[in-house]
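Remarks on the structure that follows.
The values are calculated or read from the model by the stated rules, or taken from the named source; none is laboratory data. All values reported here derive from a predicted model rather than from experimental measurement. Counting neighbours? That spans all protein chains shown, and the Cβs are built from the backbone with ideal geometry, glycine included.
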Amino acid sequence: MDCNPFFLESMAINEKPVGQSIDTFLREGFPVCRDLTPGDCLPVKLTFAWNDAIEHSLAGHVLKHNGHYIIFAHSVRLTDHKLAAALSRLTDELTDMTRELNKKNRELETANVTITRLMNTDPLTGLTNRRQLTEKLDAEMSKAKRHNHPLSALMTDIDHFKSINDTYGHDAGDKVLV
């Protein structure tokens, strides 16, 4: 006779199926209610099939009143076919998102390697800079103490390097350093 907006939305239909028997929509018919006496309210599970394409299960209670049935829906769920399709779609989306996340993680790892290299090397010579030298010296000194091994360090200096820059220019000085 009538149905409310929740039923229409839950069953994914646009127009009320007023004037049609509920048996035309139920996959298994409505036998549970045939022996229902007026005033009784029985739990019921119904599977609705719309146009043989969409199926929904409705759980609730049914009440017989004035020769008509009133169905109170507690929950609506898609049938296994629809659930499988929805799950498949969500799995595809999750797979795509995982691929994108993995791609972004690889890009981030590459960027971190580049940042670490830039942070620890001299851009002109490509040699370890003072920060990296300090870290390596601390680590090597700790290892030498731990294993009771001798440790040597060698440093070099170019005497009067300022005169190379002053005489030949900074580009020539850079080439000498490289």
Residue in region 72-95 that is among the hydroxyl-bearing types (Ser, Thr, Tyr), in a helix (DSSP H, G or I) and at pLDDT below 80 present: yes
Selection from region 121-130 of residues that are part of a loop (DSSP other than H, G, I, E, B) and either among the β-branched types (Val, Ile, Thr) or touching a Lys or Arg at 6+ places or on another chain (Cβ under 7 Å) (or both): 125
Failed condition for residue 114, given (1) surrounded by 11 or more Cβ atoms within 10 Å (Cβ to Cβ); (2) part of a helix (DSSP H, G or I): (1)
Output for region 131-169, where each listed residue is farther than 24 Å from residue 119 by Cβ and assigned to a helix (DSSP H, G or I): 144, 145, 146, 147, 161, 162, 163, 164, 165, 166, 167, 168
Residue within region 108-124 that is modelled with pLDDT of 90 or more, touching a Leu at 6+ places or on another chain (Cβ under 7 Å) and closer than 24 Å to residue 176 by Cβ present: yes
